[in-house]
Amino acid sequence: MVDLKVNLGTLQLKNPVMTASGTFGYGTEYYDFFDVSRIGGIVVKGTTLRDRQGNKYPRMAETPSGMLNAVGLQNKGVNYFAEKIYPTLLDLDTSIFVNVSGSTVEEYVETAEIINELDHIPGIELNISCPNVKEGGMTFGTSCPSAAQVVKEVRRVYKKELMVKLSPNVTSISDIALAVEAEGADSVSLINTLLGMAIDSETRKPLLSTVTGGLSGPAVKPVALRMVWQVAQAVKIPVVGMGGIMTAADAIEFLLAGAAAIQIGTANFIDPTAPVKVLEGIEAYMLRHKINRVTDLIGALEI
Amino acid sequence: MKKFMSDLIVTENTPLNDQYFLLKLKAENELPVIMPGQFAEVKVEDSPSTFLRRPISINYVDRNRNEIWLLIQIVGPGTLQLSKLRPGKLLNLIYPLGNSFTYPVRKDANLLLVGGGVGIAPMLFWGAQLAAEGFHCNFLIGGRSQSNLLLLDEFKKYGEVYCTTEDGSSGEKGFVIHHSLLQNQKFDAIYTCGPTPMMKAVAGYAADNAVFCEVSLENTMACGFGACLCCVTDTTDGHVCVCTEGPVFNITKLKW
Ligand SMILES: Cc1cc2nc3c(=O)[nH]c(=O)nc-3n(C[C@H](O)[C@H](O)[C@H](O)COP(=O)(O)OP(=O)(O)OC[C@H]3O[C@@H](n4cnc5c(N)ncnc54)[C@H](O)[C@@H]3O)c2cc1C
Ligand SMILES: Cc1cc2nc3c(=O)[nH]c(=O)nc-3n(C[C@H](O)[C@H](O)[C@H](O)COP(=O)(O)O)c2cc1C
Ligand code: FES
């Protein structure tokens, strides 16, 4: 038996495999495919203080080895989550994170306060990196002072695991990571989607209603891996890595680059059992390489 | 309804013309319950530019042979690759997905099923189920020319078949919405799938004549099972996912 437990700041996960926000619904969408309780954690959909309808259709374009999305944080609001969805998640034996977003610092704070009261939610992932909304979202995550400010205010009211999700659409992601670490973030997760666009040459029109959108999938993996490596070297808090992970080998690359845990996003759409396959693949790798504790892989890159 | 991800075996792949082909797939275990209007998300192997699965309607379910049929039009690399699949190959499907058409209330209802282009795909299974339940169906099928009117012999098993072609090579000349049937008969329910302008015209006819009408939408999708929120359409309840709340919608719900 290999030891798969990892520590994320204040919290222990039973294994390093999590699912990424906006790609795993509330978990329930995947019950038919595998036992969701097997994985280390799930991050539910981006949640805001009030109901949001999101952007207009079309919101998705397939791109080489990836996709662009412009969903724009469609959700029914945090109170709906707390009253209607949270009760259905109580039986899940995995760490459930709520991905929190807002247009103003006050909205982030109020949403985090409400989630702080939910006993079975051990952490939030503070989304300061959504590229698909006009106000808030990524604008908080692209400068050190604004990233620091929103983390500072949320930290005052939020008592559990505070993971901050970083945007890759910056010049120095390590600087942003250091800024949020200084204000009390327990961990950082990265990367959110890379800003991109797609055009139909025949019609001369953009393929997304919003013109630009967020790129995900294997196309972003080399960029994500580089950023995880840089951030892991800069900060002391745990780093959660994601971006284009499709297989166990991809996941192990992120661990070696310094990630304490990983998230699987776009891969869930193509193979809804991807998280368990990655988990089983990590175990097989550990047996093959005679590694007893998965933590021995974290940052074990040999240069 | 429980969703499955499984490998099915290609038993037949028949070209119907230069653009369309019919794929028959056999399941190893007994096929799950599948409702008319539902679709599958098909994994396309050996097509490097096809990253996501492709949503394809269930064209027919053959319970005797434990087979499902997919009627597919070649429009890009993914569907082109599927057209090359030879019998014996495995195809990975996530299915059955989405909601289904609504049965009429009265057994003597006069029903019209309208399909244009590849939109005829779900109408065959729906017509077959309606006929099995004792309903009488009229099929109105539109295509560019005679060679685009497909599976007519199959449709004839389950009801009356009427056609239009844009070049007049078969049936009445013009679009489905101009067919004399729509002037000559009164319908109790209309079901339609096809290009959006066609569905909008049929929905307009139904609304003008106060006829119950359901349309099947084909929004682009990333997952097909409610996880990504990419496939939304605007309804009286706001943005809803076509892959879970649809693909079949009553026209009174849509903000067209
Ligand atoms: C619920 C549902 C059921 C469907 N049922 C069938 C079916 O039974 N038979 C069938 O042949 N096709 C069906 N389609 C459409 C089919 O999914 C697309 O044609 C297919 O994904 C195209 O893949 P490709 O790689 O060949 O082409 P791509 O290279 O992806 O696209 C080629 C061209 O087709 C357009 N296109 C792609 N997807 C769609 C779409 N969903 N709607 C409209 N235009 C699109 C693109 O904009 C592009 O111009 C269905 C779609 C949905 C959502
Ligand atoms: C359709 C879609 C919706 C997403 N929604 C969110 C979201 O609500 N909040 C968030 O922080 N990230 C969101 N993301 C970003 C992912 O969580 C993840 O950071 C990104 O997709 C990179 O990982 P991947 O390549 O494995 O998908 C979304 C991604 C996709 C594809
Ligand atoms: S296609 Fe993903 S939610 Fe409909």
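The values are calculated or read from the model by the stated rules, or taken from the named source; none is laboratory data. Nothing here was measured: the structure is a model prediction, and the numbers come from that model. Please note: Cβ atoms are built from the backbone with ideal geometry, for glycine as well, and neighbour counts cover all protein chains shown.
If you go through the range B:166-183 one residue at a time, do you hit one that is in a strand (DSSP E or B) and closer than 30 Å to A:MET67 by Cβ? Among the residues of the range B:166-183, not one is in a strand (DSSP E or B) and closer than 30 Å to A:MET67 by Cβ, which makes the answer no. Here A:GLU83 fulfils each of the conditions (1) part of a loop (DSSP other than H, G, I, E, B); (2) over 19 Å from the mean Cα position of the chain (by Cα) apart from (1).
Of all residue pairs spaced 6 or more apart or on separate chains, those with beta-carbon atoms under 7 Å, a first member in the range A:246-259 that is under 11 Å from A:LEU301 (Cβ atoms) and a second member that is of a type in the set (Phe, Trp, Tyr) are A:ILE252/A:TYR285; A:ALA257/A:TRP229; A:GLY258/A:TRP229.
Within the range B:34-59, take every residue that is more than 11 Å from ligand 1 (Cβ to nearest atom) and touching a residue at least 60 places away in the same chain (Cβ under 8 Å) and give me the one that is farthest from the other protein chains (Cβ to nearest Cβ).
Within the range B:34-59, the first condition is being more than 11 Å from ligand 1 (Cβ to nearest atom), and the residues that meet it are B:34-36, B:43, B:45-46, B:48.
Among the residues that remain, those that are also touching a residue at least 60 places away in the same chain (Cβ under 8 Å) are: B:34-36.
Numbers: B:ILE34: 15, B:MET35: 16, B:PRO36: 21 Å.
Filtering the range B:34-59 for residues that are more than 11 Å from ligand 1 (Cβ to nearest atom) and touching a residue at least 60 places away in the same chain (Cβ under 8 Å), the one farthest from the other protein chains (Cβ to nearest Cβ) comes out as B:PRO36.
Got a sec? Which helices (runs of 4 or more DSSP H) wholly within the range A:99-185 have at least 2 residues that are at pLDDT 95 or above? Talk me through it step by step, then tell me what you get.
Working: elements: A:105-116, A:138-141, A:144-157, A:173-182.
The qualifying helices (runs of 4 or more DSSP H) are A:105-116, A:144-157, A:173-182.
For the range A:200-216, the condition of being touching a residue at least 40 places away in the same chain (Cβ under 8 Å), over 25 Å from B:GLY226 (Cβ atoms) and within 12 Å of ligand 2 (Cβ to nearest atom) holds for none of the residues. Against the test of being surrounded by fewer than 23 Cβ atoms within 10 Å (Cβ to Cβ), in contact (Cβ under 8 Å) with a residue 12 or more places away in the chain and within 14 Å of chain B (Cβ to nearest Cβ), the options A:PHE24, A:PHE33 yield a single qualifying residue, A:PHE33. Counting only strands (runs of 3 or more DSSP E) that sit completely within the range B:67-129, those holding 2 or more residues that are near ligand 1 (Cβ under 10 Å from one of its atoms) and away from every other protein chain (no Cβ under 14 Å) correspond to B:67-73.
Scanning the range B:203-234 for residues that are surrounded by fewer than 18 Cβ atoms within 10 Å (Cβ to Cβ) and not in a loop (DSSP other than H, G, I, E, B) returns B:GLY204, B:ALA207, B:ASP208, B:ASP234. Out of B:ALA222, B:ALA201, one residue alone is within 14 Å of ligand 3 (Cβ to nearest atom) and touching a helix residue (DSSP H, G or I) at 6+ places or on another chain (Cβ under 7 Å). It is B:ALA222. B:GLN81 falls short on exactly one of the conditions (1) assigned by TED's automatic domain parsing to the domain that holds B:ARG53; (2) crowded, with 23+ Cβ neighbours inside 10 Å, and that condition is (2).
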